[in-house]
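Bear in mind that the values in this text are calculations on the coordinates, not laboratory data. No experiment lies behind these values; they were computed from the predicted model shown. Methodologically, a virtual Cβ is constructed for each residue, glycine included, from the backbone with ideal geometry; neighbour enumeration extends over all protein chains shown.
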Amino acid sequence: MIKKGCLIILGAFCIISSVKAEDVIKKLPEPIVSGGKPIMDVIRERKTDRTFINKEVDEQLLSEMLYSAWGISHDGKRTIPTARNKQGMNVYVARADGVWLYDAANNSLKQVSADNILPFFAQQDFMKNVPLVLIYTDTDEKYGAMHAGSAYQNVGLYAAYRNLHNVVRGMFDKEAVAKALNVKPEEVLITQAIGWGE
């Protein structure tokens with residue numbers, strides 16, 4: 001009886017151990033896509049702010065932020081304009097619990113790495129308390145940067161609406177980040193640090 005119990009425990013451990021980072025999916029709360037501040041107020045309030053405190057951004061806010069960046073709003077269209085309807089951009093979320101790829105169609109995150117890569121972005125002191133970084137990638141050399149710019153502008157407006165601080169950043173270890181995402185370094189376009197301010 002004891003041997004049988006040990007075998008069951010050992011088998012369960014082997015199954016748990018065989019789950020890879022890329023098999024982990026997190027369903028996000030449904031984004032709230034109505035209401036909020038008038039658009040002219042958030043345009044006026046949108047700004048770069050590099051002061052962050054060590055406080056997590058909850059899943060509801062993350063869901064709405066990602067919807068703002070690269071969600072699907074209607075008729076299969078994105079929440080940002082896309083040149084010639086090219087939709088090759090990806091948005092990744094780097095947090096202490098790993099790196100996650102946003103899946104807009106399923107409103108979920110798929111883990112691509114269990115490693116905490118936030119130190120790759122910490123070349124500046126203000127980054128030490130940032131709880132999450134959005135990473136914008138694209139394979140399209142012609143339109144990728146335009147798509148990323150539209151996405152991070154939407155997120156900046158969302159941050160103003162929710163009183164979050166944000167800063168768009170190009171200063172990071174691009175090769176290390178690309179390796180963590182399993183993409184080419186030239187596909188990593190820009191990042192955006194998001195968090196609560198003082």
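Could you tell me how many of the residues in segment 90-108 are part of a loop (DSSP other than H, G, I, E, B), closer than 18 Å to Val133 by Cβ and touching a residue at least 40 places away in the same chain (Cβ under 8 Å)?
So the answer is 0.
Answer yes or no: is there a residue in segment 73-93 that is surrounded by 18 or more Cβ atoms within 10 Å (Cβ to Cβ), in contact with a strand residue (DSSP E or B) (Cβ under 9 Å, 6 or more places away or on another chain) and farther than 22 Å from Gly156 by Cβ.
No, that holds for no residue.
Going through Gln123, Gln111, Gln87, Gln60 one at a time, which residue ends up being part of a strand (DSSP E or B) and either more than 21 Å from Arg162 (Cβ to Cβ) or under 16 Å from the mean Cα position of the chain (by Cα) (or both)? Steps first, please.
On the way: Gln123 fails: part of a strand (DSSP E or B); Gln87 fails: part of a strand (DSSP E or B); Gln60 fails: part of a strand (DSSP E or B).
Checking each option against the conditions leaves just Gln111.
I'd like to know if segment 150-171 contains one or more residues that are part of a loop (DSSP other than H, G, I, E, B), out of contact with any strand residue (DSSP E or B) (no Cβ under 7 Å at 6 or more places or on another chain) and over 18 Å from Arg46 (Cβ atoms).
The answer is yes; a qualifying residue exists.
Quick check on my filter: what residues within segment 27-52 are surrounded by 13 or more Cβ atoms within 10 Å (Cβ to Cβ), within 23 Å of Arg78 (Cα to Cα) and among the basic types (Lys, Arg)?
Passing the criteria: Lys37, Arg46.
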